[in-house]
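The next block holds one structure in the form of structure tokens; read it before the comments.
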Amino acid sequence: MRAITKISRQKRNQDRYNIYLNEEYAFAVDEGTLIKFGLQKGKVLEQFEIDEIQYEDEIAKAFNKAIGFLSFQMRSEHEVKQKLLQLGHGEAVIQEAIHKLNRLGFLNDESYSKALLETRKRTAKKGPAAIRQDLMKKGIAKDLQQEVLNSYGHDEQLQLAMELAEKAIRSNDNKTPTQVKQKIQDVLLRKGYSYGIVNDVLERLTLERKEDEWSTLIENQGEKIWRKYANKFEGFELHQKVKQALYQKGFPSEIITAFIEQKEQENE
């Protein structure tokens, strides 16, 4: 057994205290641990008590570091655990710290997951599949993932997907309707929407081009395709290659025919 002979506050950290046993420095504790164990000058400690105090202090340090980590933004339990592991804390200490964080309301995976869902919808207009991936990366349990995503209904998904589609239409005014539809599909699938939502969006859109718009489109895209194949083919084979490429891009047959006839006249 050893007795506390001195307790001094640390200069660099006013919340921590150095404990001296039998006139020698033994360990340091934070103020909460000091009060919890009633540490004061003259108190006699057995080794098991010292071990308990130091273990409690490790939990306190992990807890305080977690609070600092959480002060910047909400975090999942998994994120906090990984951070504390990186800082060198043991599993048992981390579990105790996380339990305390949960009990005091600093950690709550359900609230965190709901907040992440709303943020991803609001800032990125993400669909359920993409948000599920985000939740998985944050270590959220599968049953909680599903529970949170159940609140993301079809109508809300459709509304956000339509907004993404309208943006894609505006930024692809130099493309054919077929190309625009493909772009919309790519964007929505990448954002995590289902094929069902993609089809619902495409069914609600009317994508048409006026005659003068078709002329501009084929002038820009057709010229590139013609130059590409004219270096390798000629005559009938050239015409077939150009027709096939333009058809795949969604150009009507009459527009394609007129373009090829024009190119033939230019080359005569």
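Tabulated data for the structure shown
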{"item": "For ALA28, residues with placed amide H under 5 Å, excluding near neighbours", "result": "ILE19"}
{"item": "Theoretical ellipticity at 222 nm over the chain - DSSP helices of four or more residues, -39500 (n - 2.57) apiece, nearest 500", "result": "-21000 deg cm²/dmol"}
{"item": "In nm, spacing of pseudo-spin labels at ASN22 and ASP155 (7 Å Cα→C-beta vector)", "result": "7.6 nm"}
{"item": "Using alpha-carbon coordinates, inclination of helix 154-170 to the longest axis of the chain, degrees", "result": "60 degrees"}
{"item": "Phi to ³J(HN,Hα) by Karplus 6.51 cos²θ - 1.76 cosθ + 1.60 over the range 134-144, Hz, x for Gly, Pro", "result": "4, 5, 4, 4, 8, x, 6, 4, 4, 5, 6"}
{"item": "Probe 1.4 Å - accessible area at LYS224, Å² to nearest ten", "result": "140 Å²"}
{"item": "Kirkwood hydrodynamic radius over Cα pairs of the range 44-177, then Stokes diffusion coefficient at 37 °C and 0.692 mPa s, in µm²/s", "result": "187 µm²/s"}
{"item": "Exceeding the 27 Å Cα-Cα cut-off - candidates LYS36/LYS142; LYS100/LYS191; LYS6/LYS36; LYS181/LYS243; LYS100/LYS125; LYS191/LYS249", "result": "LYS36/LYS142; LYS100/LYS191; LYS100/LYS125"}
{"item": "Backbone HN-Hα couplings from phi across the range 240-250 [Karplus 6.51/-1.76/1.60, Hz, Gly and Pro as x]", "result": "5, 5, 5, 4, 4, 5, 6, 5, 4, 7, x"}
{"item": "With Cα atoms, 0 to 90° folded angle of helix 177-190 axis to the chain main axis", "result": "10 degrees"}
{"item": "Two-site FRET efficiency, GLU166 against ARG122, from Cβ-Cβ distance with R₀ of 25 Å, rounded to 0.05", "result": "0.90"}
{"item": "Computed label-point distance, nm, for sites LEU70 and GLU31 using a 7 Å Cα→Cβ extension", "result": "1.9 nm"}
{"item": "Contour excess over end-to-end distance, with Cα ends at LEU205 and PHE233 and 0.36 nm allotted per residue", "result": "6.3 nm"}
{"item": "HIS99 - accessible surface, heavy atoms, 1.4 Å probe, Å² rounded to 10", "result": "110 Å²"}
{"item": "Interchain or long-range residues, amide H under 5 Å from ALA3's placed H", "result": "ASN22, LEU45"}
{"item": "Relative contact order (%) - criterion: Cα under 8 Å, at least six apart; region: the range 39-126", "result": "30 percent"}
{"item": "Of all accessible heavy-atom area on the chain, the percent that carbon and sulfur account for (1.4 Å)", "result": "46 percent"}
{"item": "Subset of LYS121/LYS183; LYS167/LYS228; LYS11/LYS65; LYS167/LYS210 violating a 23 Å alpha-carbon distance limit", "result": "LYS167/LYS228"}
{"item": "Distant-in-sequence amide H partners of ARG16 (H built 1.01 Å from N, under 5 Å)", "result": "GLN10"}
{"item": "0 to 90° range, to nearest 10: angle between helix 47-70 axis and the chain longest Cα axis", "result": "30 degrees"}
{"item": "Kirkwood-based shape ratio for the range 223-265, expressed as Rg/Rh from alpha carbons", "result": "0.92"}
{"item": "Charge dipole (debye, nearest 20) of the range 125-268; +1 at Cβ of Lys and Arg, -1 at Cβ of Asp and Glu", "result": "880 debye"}
{"item": "Separation of alpha-carbon centers, the range 165-232 and the range 43-64, rounded to whole Å", "result": "67 Å"}
{"item": "Per-residue ³J(HN,Hα) for the range 73-85, Karplus 6.51 cos²θ - 1.76 cosθ + 1.60, θ = phi - 60°, Hz, x for Gly and Pro", "result": "6, 5, 9, 7, 4, 4, 4, 5, 4, 4, 5, 5, 5"}
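The values are calculated or read from the model by the stated rules, or taken from the named source; none is laboratory data. Predicted model, so just to flag it, every value in this text is computed and none were measured. Positions of Cβ are backbone-derived with ideal geometry, glycine not excepted, and every protein chain shown enters the neighbour counts. For accessibility, only protein heavy atoms count, side chains too; no ligands or nucleic acids. Shrake-Rupley method; radii C 1.70, N 1.55, O 1.52, S 1.80 Å.
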